[in-house]
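Asks: Here's a structure for you.
Every number in this text was worked out from the coordinates using simple rules, so none of it is lab data. Predicted model only: the values in this text are computed from it and were never measured. As a convention, Cβ positions derive from the backbone with ideal geometry for all residues, glycine included, and neighbour counts pool all protein chains shown.
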Amino acid sequence: MHEFNELVQRSTAFSLSALDEAQQRTVDALQTSAATTLVKTLQMVQLQKAISAVGMFSMFDAILQDQLQCKDGFKEAGKLLESQGEIELKENFSNLQLAVNVLKHGKGRSYNDLVEKAATLPFRVKLPDEYFFNEGDVSEISTLVEVDDAFVLLCAEVIHAVSVAVQRNS
């Protein structure tokens with residue numbers, strides 16, 4: 001677990017930096033051209049952020065299953081966090097699990113759970129009556145959770161914190 005714990009934050013920072021550079025070059029190019037490929041590049045940057053968040057949670061689940069010797073790593077980690085009194089971390093971890101599930105599967109129970117507490121979340125959920133997060137933003141892709149840099153960084157930070165808590169138990 002040590003390697004993933006250390007690498008997840010570094011790889012996230014690296015990926016976001018590279019994506020930011022690509023986005024900035026594209027925004028600069030859009031000042032003189034409205035080419036469709038430039039708009040698609042901005043959308044690709046947004047999609048890559050969502051893929052990154054989903055991927056890091058999927059990999060972390062496998063690592064937790066191995067580390068905790070269980071079939072549901074997230075559930076066991078949640079129990080462990082609760083036993084350590086890490087209630088806020090458990091809640092943040094649970095909310096991000098729901099968000100990643102919504103990114104993977106769309107509307108359903110996880111989406112409904114997030115909508116109920118949307119006002120208290122540290123990230124945005126597209127409510128049932130919303131069509132866009134930012135109308136007119138050509139980079140926006142069709143997701144029910146807004147995956148910006150802050151969301152991706154939050155995923156990495158929470159995974160790191162949960163990983164540290166699991167290591168304390170080992």
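Asks: Cα centroid distance between the stretch 1-71 and the stretch 120-152, in Å?
Replies: Value for the Cα centre distance between the two parts: 16 Å.
Asks: Of Ile51, Ile159, Ile87, which is the most mobile in a GNM of the chain whose springs link Cα atoms less than 10 angstrom apart?
Replies: Most flexible of the set in this elastic network: Ile87.
Asks: Taking the Cα atoms only, what angle lies between the long axis of helix 149-169 and the longest principal axis of the chain, rounded to 10 degrees?
Replies: 10 degrees
Asks: Straight distance only, please: which aspartates and glutamates reach the Cα of Lys90 with their own Cα at less than 16 Å, same-chain residues fewer than 8 apart left out?
Replies: Straight-line reach from Lys90, under 16 Å: Asp61, Asp72, Glu76, Glu82, Asp113, Glu157.
Asks: Can you give the longest run of the chain that contains no chymotrypsin sites (Phe, Trp or Tyr not before Pro) sitting in a DSSP loop with at most 11 other Cβ atoms inside 10 Å?
Replies: 1-130
Asks: Under a GNM of the chain (C-alpha, springs under 10 Å), which listed residue has the highest mean-square fluctuation: Ala156, Ala118, Ala50?
Replies: Ala118
Asks: Here's a follow-up. Name the most mobile residue of Val27, Val147, Val158, meaning the one with the largest mean-square fluctuation, in a Gaussian network model of the chain with Cα contacts below 10 Å.
Replies: In this elastic network of the chain, the residue with the biggest mean-square fluctuation among Val27, Val147, Val158 is Val27.
Asks: Just the Cα atoms of the stretch 83-134: what Rg and Dmax do they give in Å?
Replies: 12.0, 40
Asks: What percentages, rounded to whole numbers, describe P(r) for the chain computed over all alpha carbon pairs with 5 Å bin width beginning at zero?
Replies: Pair shares across the bins are 1, 8, 16, 19, 18, 14, 10, 6, 3, 2, 1, 0.
Asks: Pull up the cross-link candidates among the lysines for Lys40, meaning alpha carbon to alpha carbon under 26 Å and not fewer than 8 places away within one chain.
Replies: List returned: Lys49, Lys104, Lys107, Lys126.
Asks: Specify whether the C-alpha gyration tensor of the stretch 1-67 places it in the rounded, prolate or oblate class, a ≥ b ≥ c being the square roots of the eigenvalues: rounded for a/c under 1.5, otherwise prolate if a/b is larger than b/c and oblate if not.
Replies: Oblate, because a/c is 1.5 or more while a/b does not exceed b/c.
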